[in-house]
Amino acid sequence: MSDQKPLFRVGLGFDTHQFAEGRKLMLGGVLIPHDRGLLGHSDADVLLHAICDALLGAIGEGDIGQHFPNTDPRWKDCPSLKFVEESMKMVSAQGYAVSNLDCVILAEKPKIGPYVASMRASISAAIGVSEGAVGIKATTMETMGAIGREEGMVAQAVVLLERRDASR
Ligand code: MG
């Protein structure tokens, strides 16, 4: 066998943020009308944070907290698309491109369906794939637990990377 890097690498991401008054709700890089937003040092885009962790995990580069710590004033109120952009630079530098991405948003409210197309457009542009390679699903928690009580949201993401020199 060669000393080449693996053809494929898979990454998993998970994130949660609590709701707070007076914050904008950003999800997948899209502003979503809601009476509250998510609390965080950056724009608290829970979906993009899960996606960053999936990207970083796939290349063995730790997690979002290591690269973009919430103690760093550079990242205060930062659009999380910047984190995705920086994570993609690392993916690319290691010789990989995204093959596809799938994610799930767990939230009681607001309804996510009307914004899925915009989120797919935003995320596919950020990670360099077609919209067809970005899956976005949403579910409620059937009123159970903290998410069910509308205390916050959860997002999960899984990404498959393919070595860029792979023949297609
Ligand atoms: Mg986060």
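Key figures for this structure:
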| item | result |
| --- | --- |
| Breaking point among (1) in contact (Cβ under 8 Å) with a residue 60 or more places away in the chain; (2) part of a strand (DSSP E or B), for Val104 | (1) |
| Answer residue from segment 36-57, given it is away from the ligand (no atom under 12 Å from the Cβ) and over 30 Å from Phe8 (Cα atoms) and is farthest from the chain's Cα centre (by Cα) among those | Arg36 |
| Residue match in segment 63-78 (condition: modelled with pLDDT of 95 or more, touching a Gly at 6+ places or on another chain (Cβ under 9 Å), farther than 30 Å from Asp165 by Cβ and crowded, with 22+ Cβ neighbours inside 10 Å) | no |
| Residue match in segment 93-106 (condition: out of contact with any strand residue (DSSP E or B) (no Cβ under 8 Å at 6 or more places or on another chain), buried (at least 21 other Cβ atoms within 10 Å of the Cβ) and not aliphatic (A, V, I, L, M)) | no |
| Total residues in segment 9-29, condition touching a Leu at 6+ places or on another chain (Cβ under 9 Å) and in a strand (DSSP E or B) | 13 |
| Subset of segment 58-78 that is part of a helix (DSSP H, G or I) and away from the ligand (no atom under 14 Å from the Cβ) - its residue that is farthest from Ile123 (Cα to Cα) | Pro73 |
| The one condition in (1) crowded, with 17+ Cβ neighbours inside 10 Å; (2) not aromatic (Phe, Trp, Tyr); (3) not in a loop (DSSP other than H, G, I, E, B) that Pro114 fails to fulfil | (1) |
| Pairs where the first residue, in segment 30-44, is within 17 Å of Ile123 (Cβ to Cβ) and part of a loop (DSSP other than H, G, I, E, B) and the second is more than 10 Å from the ligand (Cβ to nearest atom) and aromatic (Phe, Trp, Tyr), C-beta under 7 Å, 6+ apart | Ser42/Trp75 |
| Residue within segment 80-89 that is among the aromatic types (Phe, Trp, Tyr), away from the ligand (no atom under 14 Å from the Cβ) and at negative phi present | no |
| The listed residue being modelled with pLDDT of 95 or more, farther than 19 Å from Tyr115 by Cβ and of a type outside the set (Asp, Glu), out of Leu7, Leu25 | Leu7 |
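The values are calculated or read from the model by the stated rules, or taken from the named source; none is laboratory data. Worth saying up front: this structure is predicted, and the values here are computed from it rather than measured. All Cβ positions, glycine included, derive from the backbone under ideal geometry; neighbour counts span all protein chains shown.
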